Amino acid sequence: PNILAPLIVSATLMVGWAILLESSLSFLGVGVQPPASSWGAMLQGGYIYIEINLIESFAPGLAIFFTILAINLLGDALREAWDPRLRGTG
């Protein structure tokens, strides 16, 4: 039972890194190819028009940010719920 909390935190951090890696590779053009949708490809498509229409790059960037934040907060909440060392406190 003592390994469950660090394992959950590690898994959620790895999911966040995987999303960030995929989106950055797609932004550079070596990730998911254009028929499939990707936040990185959306960022790259909006990057061309960043001076004209900021929302095209801003929206996928915020989606990446809030998704990774939500996954990390979920991992932190699961760690607090399942950590046997924290059950006696507060």
Pairwise label distance in nanometres, Phe66 with Asn2, each label 7 Å out on the Cα-Cβ vector: 4.0
Accessible area of Phe27 in the full protein assembly, 1.4 Å probe (Å², nearest 10): 70
Residue-wise HN-Hα coupling along region 5-11, computed from phi with Karplus coefficients 6.51, -1.76, 1.60 (Hz; x: Gly, Pro): 5, x, 5, 5, 5, 5, 5
Carbon and sulfur %, accessible surface of the chain computed with the full protein complex present, 1.4 Å: 72
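Beyond 19 Å, how much of the Cα-Cα pair distribution for the chain remains, as a whole percent? Working shown, then result.
Numbers: 2067 of 4005 pairs.
Tail of the P(r) past 19 Å holds 52 percent of the pairs.
Sum -39500 (n - 2.57) across every DSSP H segment of at least 4 residues in the chain, then divide by the residue count to get the 222 nm mean residue ellipticity, nearest 500. Write out the running numbers ahead of the final one.
Numbers: 3 runs with 62 residues, N = 90.
Roughly -24000 deg cm²/dmol at 222 nm, from the helical runs in the chain.
Less than 11 Å Cβ to Cβ from Leu73, Lys/Arg counted +1 and Asp/Glu -1: what total charge do the surrounding residues give?
Values: positive: Arg79; negative: Asp76, Glu80.
Charge balance near Leu73 sits at -1.
The values are calculated or read from the model by the stated rules, or taken from the named source; none is laboratory data. Treat the numbers as computed from the prediction; the structure is a model and nothing was measured. As a convention, Cβ positions derive from the backbone with ideal geometry for all residues, glycine included, and neighbour counts pool all protein chains shown. Remember, those area values only see protein heavy atoms, side chains included, never the ligands or the DNA or RNA. Shrake-Rupley method; radii C 1.70, N 1.55, O 1.52, S 1.80 Å.
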